[in-house]
Amino acid sequence: MDVKLLFQAIIKFLLGLIFVFLFLFIPAGTLNYWNGWLFIGILFVPMFIVGIILMIINPKLLKKRLDINEKQSEQKWVLLFSGLIFIFGFISAGFDYKFKWMQLPKIVVIISVVLFLIEYILYAEVLRENAYLSRTIKIQENQKVIDTGLYGIVRHPMYSVTVLLFLTMPLVLGSFMSFLIFLFYPFIIAKRIKGEEEILERELDGYKQYKEKVKYKLIPFIW
């Protein structure tokens with residue numbers, strides 16, 4: 001077992017948990033924010049399980065997913081704005097709970113929890129289908145075009161699932177105000193896809209043919 005990778009994964013997992021906790025509960029002004037605890041549970045428990053599975057069966061992919069050192073300058077801005085949406089979306093959810101601004105009914109929260117878990121299963125499926133999934137945009141050694149499974153439906157299923165997850169998060173947190181902030185995320189992803197496809201088409205053999213075969217980038221029959 002790669003001890004260094006294991007240590008890196010544990011540190012990033014704990015930091016993520018701490019930051020989410022702080023961004024939610026400090027603005028909420030209480031630990032009784034039950035939506036916050038619910039969200040932490042359905043996010044970090046599956047994340048922990050997926051991390052353990054990757055550590056055992058595909059540590060190389062886990063290493064790629066932990067690498068956030070983006071080399072493309074334009075994409076660094078994309079990642080920065082994504083992070084800001086993440087932070088302000090959570091902070092607004094905490095304030096929304098504290099001041100009772102635009103809270104959602106419990107039935108919306110329950111349905112959103114079910115949707116979130118389904119989306120996370122799809123996330124795991126994308127990881128299973130594509131061993132080249134890096135957090136940064138780069139062409140890897142011996143990389144090949146994946147055109148089966150979810151990749152036979154849209155060209156960027158990981159981004160499709162990520163958008164769904166991000167739009168479901170504020171609903172689990174019970175905050176419509178937070179949802180309005182997260183609505184900016186699909187536009188950020190669209191910008192990232194544009195830059196990524198330029199690189200893939202230029203540097204990855206067979207990607208032009210793949211684009212002709214799979215017409216849709218993110219949403220089947222729409223875009």
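The values are calculated or read from the model by the stated rules, or taken from the named source; none is laboratory data. If you're wondering where the values come from, they're calculated on a predicted model, not measured in any experiment. Ideal geometry is used to build each Cβ from the backbone, glycine not excepted, and the neighbour counts take in all protein chains shown.
Any residue at all in segment 165-181 that is in contact with a Leu (Cβ under 8 Å, 6 or more places away or on another chain), β-branched (Val, Ile, Thr) and modelled with pLDDT of 90 or more?
Within segment 165-181 (the criterion being in contact with a Leu (Cβ under 8 Å, 6 or more places away or on another chain), β-branched (Val, Ile, Thr) and modelled with pLDDT of 90 or more), the answer is yes, since at least one residue qualifies.
Of the numbered conditions (1) at pLDDT 95 or above; (2) out of contact with any helix residue (DSSP H, G or I) (no Cβ under 6 Å at 6 or more places or on another chain); (3) surrounded by 15 or more Cβ atoms within 10 Å (Cβ to Cβ), residue 110 fails exactly one; give the number of that condition.
Going through (1) at pLDDT 95 or above; (2) out of contact with any helix residue (DSSP H, G or I) (no Cβ under 6 Å at 6 or more places or on another chain); (3) surrounded by 15 or more Cβ atoms within 10 Å (Cβ to Cβ) one by one, residue 110 breaks only (3).
Outside any helix (DSSP H, G or I), surrounded by 14 or more Cβ atoms within 10 Å (Cβ to Cβ) and either modelled with pLDDT of 85 or more or touching a Ser or Thr at 6+ places or on another chain (Cβ under 9 Å) (or both): is that true of residue 126 in this structure?
Working: outside any helix (DSSP H, G or I): no; surrounded by 14 or more Cβ atoms within 10 Å (Cβ to Cβ): yes; either modelled with pLDDT of 85 or more or touching a Ser or Thr at 6+ places or on another chain (Cβ under 9 Å) (or both): yes.
Criteria not met by residue 126.
Scan segment 87-98 and tell me whether some residue there is among the acidic types (Asp, Glu) and over 13 Å from the mean Cα position of the chain (by Cα).
Going residue by residue through segment 87-98, those that are among the acidic types (Asp, Glu) are 96.
When the remaining residues are screened for being over 13 Å from the mean Cα position of the chain (by Cα), the result is 96.
Yes, segment 87-98 contains a residue that is among the acidic types (Asp, Glu) and over 13 Å from the mean Cα position of the chain (by Cα).
Please list, ordered by first then second residue, the pairs with beta carbon atoms under 9 Å, 6 or more apart or interchain, first in segment 15-35 and more than 13 Å from residue 92 (Cβ to Cβ), second of a type in the set (Phe, Trp, Tyr) and outside any helix (DSSP H, G or I).
25/33
State yes or no: is residue 51 closer than 30 Å to residue 105 by Cβ and either out of contact with any Ser or Thr (no Cβ under 7 Å at 6 or more places or on another chain) or among the small types (Gly, Ala, Ser) (or both)? Break it down stepwise before answering.
Values: closer than 30 Å to residue 105 by Cβ: no; either out of contact with any Ser or Thr (no Cβ under 7 Å at 6 or more places or on another chain) or among the small types (Gly, Ala, Ser) (or both): yes.
No.
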